[in-house]
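Everything below concerns the one structure shown next.
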Amino acid sequence: MNTTREPGNELKGLSVSLVVYRPDIQQLVQTLTSLVRAYEALKESHPAFAFDVCVVDNGGLPDMTAAFDLLRARGATCSVIAGQGNVGYGRGHNLAIERTASRYHLVLNPDIDLDRQALARAVDFFESNSQVGLLSPRIGDEDGRLQYLCRRYPTLVDLFIRGFLPARVRHLFAGRLARYEMHDLINECDVVWDPPIVSGCFMLFRTSVLKKLAGFDPRYFLYFEDYDLSLRTHEVARIAYLPAVRVLHHGGGAARKGFAHVRMFAASAFKFFNRFGWKWL
């Protein structure tokens, strides 16, 4: 596949990459099913839009024939990239990004459910706002509450409070966390232009911008690769938070996933601050 097209000459379509490692198969199927529904809605307004879904198997992916058949029945192209071992989140997505020639590319977690209108509304916004290179949606939790996953530049204290303090202590720093999480700007109805950092669980890019940035920095194995990519995106395009695009996120923080994740979080934080500057308090 040709991956060296000049910006503006991309195929008319949308590609999606999901990186999985020993996935929860029920949740993954649920995510792919929500993608099918969102693609069906997209085709109602953009019937010629091609749709390509690539699952990058970093290990432990079971047979996905039934789920892929559902996508293919709706006109999608499906593929699996496997055999590379567990290369990490960003490098995994880069394997798919290198191959795509779509107009738009969605970096998606396998624990996200898309609202049926999510892709249609996102594409309409892109096509009405040529300066936008990256779009972030309204992200809700399992109870329907807004998750504040847009961020200002973090301090070490912010990261420690949010990631590792128990809830009964964390509430003492509510004002500080609210500023970090942009509670003053992020809401259910207003477009917010140029939030400094957006979540990697759903990053919808204009593919030409993503390729110009060469995707994720492969030095991050897990965590902070989305912080890094967000900050670099500001150098070449605008970022928009668009609450009309709605998704549900089932994920959790590093501390709730065990000590191995805490170590990876710390290692990636060190790389991030070394590159962009340390901010303590």
Inset, instruction - Please find, in a Gaussian network model of the chain (springs between Cα atoms separated by less than 10 Å), the residue of D63, D228, D158 whose mean-square fluctuation is greatest. - result: D63
Legend entry - Longest exposed-site-free window of the chain, the sites being GluC sites (Glu not before Pro) in a DSSP loop that have at most 14 other C-beta atoms within 10 Å: 1-141
Legend entry - Cβ-based charge dipole, segment 55-143, positive-most Cα from A96, F68, I112: A96
Legend entry - Most mobile of G140, G88, G60 in a GNM of the chain (Cα contacts under 10 Å): G60
Legend entry - For segment 244-249, 3J(HN,Hα) per residue [Karplus equation, 6.51 cos²θ - 1.76 cosθ + 1.60, θ = phi - 60°, Hz, x = Gly/Pro]: 5, 8, 10, 9, 10, 10
Legend entry - Structure-derived Cα extents along the principal axes in Å: which label, when the choices are (i) 56, 38, 38; (ii) 61, 40, 37; (iii) 51, 40, 37: (iii)
Legend entry - Set of lysines near K12 by C-alpha distance (under 19 Å), chain-local residues within fewer than 8 positions excluded: K43, K211, K212
Inset, instruction - Quickly estimate the mean residue ellipticity at 222 nm for the chain, helices only: each DSSP H run with n ≥ 4 gives -39500 (n - 2.57), and the total goes over all residues, rounded to 500. - result: -11000 deg cm²/dmol
Legend entry - Nearby aspartates and glutamates by direct alpha-carbon distance to K279 (threshold 19 angstrom, same-chain neighbours under 8 apart not counted): D158, E181, E225, D226, D228
Legend entry - Shape metrics for segment 54-111, restricted to C-alpha atoms - Rg then Dmax, Å: 11.9, 31
Legend entry - DSSP-defined antiparallel bridges as percent of all bridges, the chain, nearest 5: 35
Legend entry - Taking the C-alpha atoms of segment 29-134, convex hull volume expressed per residue in Å³: 106
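Any read-out appearing in this document is the output of simple, stated calculations on the displayed coordinates, not a laboratory observation. Remember, it's a predicted structure, so these values are computed and weren't measured experimentally. Positions of Cβ are backbone-derived with ideal geometry, glycine not excepted, and every protein chain shown enters the neighbour counts.
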